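Student: Next up is a structure, given as structure tokens.
Each reported figure results from applying straightforward, stated rules to the coordinates on display, with no laboratory input. All values derive from a computational prediction rather than experimental measurement. Here the Cβ positions follow ideal geometry from the backbone for every residue, glycine too, while neighbour counts run over all protein chains shown.
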Amino acid sequence: MTELELIIDLHKNSERQGPGSENDTLKALGFLNLPTDQNLKVADIGCGSGGQTITLVKNLNGQITAVDLFPEFLNELNEKSQKLGLTDKIVTLEKSMDDLPFKKDEFDLIWSEGAIYNIGFENGLKKWRDYLKVDGYLAVSEITWITQSRPEEIEKFWKEEYPEIDIASNKIKQLENNGYTLVGYFYLSQDSWIENYYKPMEARFETFINRNNNSGLAKKVVDDNKAEIDMYQKFKKYYSYGFYIARKNE
Ligand SMILES: C[S@@+](CC[C@H](N)C(=O)[O-])C[C@H]1O[C@@H](n2cnc3c(N)ncnc32)[C@H](O)[C@@H]1O
């Protein structure tokens, strides 16, 4: 297996592929003011195995197109939606988020938890705006500094991993500069990282290495994730995922 295949393998059979929680999804949903008497059209981009997709579909009156690049995750979401009898409400789509087949003004809501970074926050805001109706909403979570300054070690780590990391006020400015009005912002709690994402991942490390025959590459994937977890534990006061909820202007 390649390193990418191993990364997918590590993240399979998990509730979420990134920090977040049902409460965070519900909290972000609470900022929306959408008609309840209409069948809404929703896209969930970078949905992974669909932890948040299921929460969305249960709490909105509408149909969700759940997009991801990797069929392994979409298969899991399809299985979940079959078990829950939600197949008429969730359609999965294997596509890259920078090459979507959507029409102009197609959606009432575009959702994306922990995934827009794959094409860059500002690029994603610009690209996806076209697919939203006027007064439709964009709800995205994005890695964000939660203090104005921070130690050099963590600054350097994130600048290498994702140079677009920034404080919320600059992210909000980007939303405003690109035709959106912010309607809500909060950042994820440490539990959303540790209890919902890192601890379940750590619990999978051993079986992951075993099923991949103790390969050096599998061990490297685990070591990389351990290093990321150590960084988080050391510097969790300085960054989180910010959840940005914004409405499209005319
Ligand atoms: C950090 S995970 C978040 C998954 C899920 N939203 C969650 O919060 O559990 C990022 C997701 O983006 C997907 N992804 C990565 N690059 C992508 C691309 N170019 N187009 C669509 N999805 C992509 C990954 O497969 C993964 O499921």
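Student: Got a number for residues in region 208-250 being in a helix (DSSP H, G or I) and surrounded by 16 or more Cβ atoms within 10 Å (Cβ to Cβ)?
Tutor: Qualifying residue count for the region: 10.
Yes/no per residue for (1) more than 20 Å from Asn75 (Cβ to Cβ); (2) surrounded by 22 or more Cβ atoms within 10 Å (Cβ to Cβ):
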position	(1), (2)
Ser96	no, no
Asp99	yes, no
Lys103	yes, no
Ile110	yes, yes
Trp128	yes, yes
Tyr137	yes, yes
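Student: Mind listing just one residue for me: the one in region 4-19 that is more than 9 Å from the ligand (Cβ to nearest atom) and not in a helix (DSSP H, G or I) and, of those, surrounded by the fewest Cβ atoms within 10 Å (Cβ to Cβ)?
Tutor: Out of the qualifying residues, it is Asn13.
Student: Next question. Name the pairs: first residue in region 115-130 and more than 18 Å from Pro19 (Cα to Cα), second residue more than 14 Å from the ligand (Cβ to nearest atom) and polar (S, T, N, Q), Cβ to Cβ under 6 Å, at least 6 apart or on different chains?
Tutor: Glu122/Gln174; Leu125/Asn178; Lys126/Asn178
Student: From the residues in region 199-221 that are under 21 Å from the mean Cα position of the chain (by Cα) and in contact (Cβ under 8 Å) with a residue 40 or more places away in the chain, which one is farthest from Met1 (Cα to Cα)?
Tutor: Pro200
Student: What do you reckon, is Thr2 polar (S, T, N, Q) and either within 11 Å of the chain's Cα centre (by Cα) or closer than 24 Å to Lys219 by Cβ (or both)?
Tutor: Taking the combined requirement at face value, the residue satisfies it.
Student: Six or more apart or on different chains, Cβ under 7 Å: which pairs go from a residue in region 54-65 that's more than 10 Å from Lys41 (Cα to Cα) to one that's of a type in the set (D, E, K, R) and assigned to a strand (DSSP E or B)? Could you list them?
Tutor: Every condition considered, the pairs that remain are Leu56/Asp44.
Student: Okay, moving on. Which number in (1) free of Cβ contacts under 8 Å to residues at least 60 places away in the same chain; (2) of a type outside the set (Lys, Arg); (3) in a strand (DSSP E or B) marks the one condition that Glu160 misses?
Tutor: The single condition Glu160 does not satisfy is (3).
Student: Also, I was wondering about something else. Just one of (1) among the small types (Gly, Ala, Ser); (2) crowded, with 16+ Cβ neighbours inside 10 Å; (3) closer than 19 Å to Cys47 by Cβ trips up Ala168, so point out which.
Tutor: Among (1) among the small types (Gly, Ala, Ser); (2) crowded, with 16+ Cβ neighbours inside 10 Å; (3) closer than 19 Å to Cys47 by Cβ, the lone unmet condition for Ala168 is (3).
Student: To continue, here is another question. Here are some residues: Ser81, Ser21. Which one is in contact with a helix residue (DSSP H, G or I) (Cβ under 7 Å, 6 or more places away or on another chain) and farther than 18 Å from Leu109 by Cα?
Tutor: From the options Ser81, Ser21, the qualifying one is Ser21.
Student: Six or more apart or on different chains, Cβ atoms under 6 Å: show the pairs whose first residue is in region 18-45 and among the small types (Gly, Ala, Ser) and whose second is within 14 Å of the ligand (Cβ to nearest atom) and assigned to a helix (DSSP H, G or I).
Tutor: Gly20/Ser192; Ser21/Ser192; Ser21/Asn196
Student: Are there any pairs with C-beta distances below 6 angstrom linking a residue in region 84-111 that is under 17 Å from Gly50 (Cβ atoms) and among the acidic types (Asp, Glu) to a residue that is within 13 Å of the ligand (Cβ to nearest atom) and not in a loop (DSSP other than H, G, I, E, B), with the two at least 6 apart or on different chains, and if so which?
Tutor: Glu94/Pro71; Glu94/Leu74
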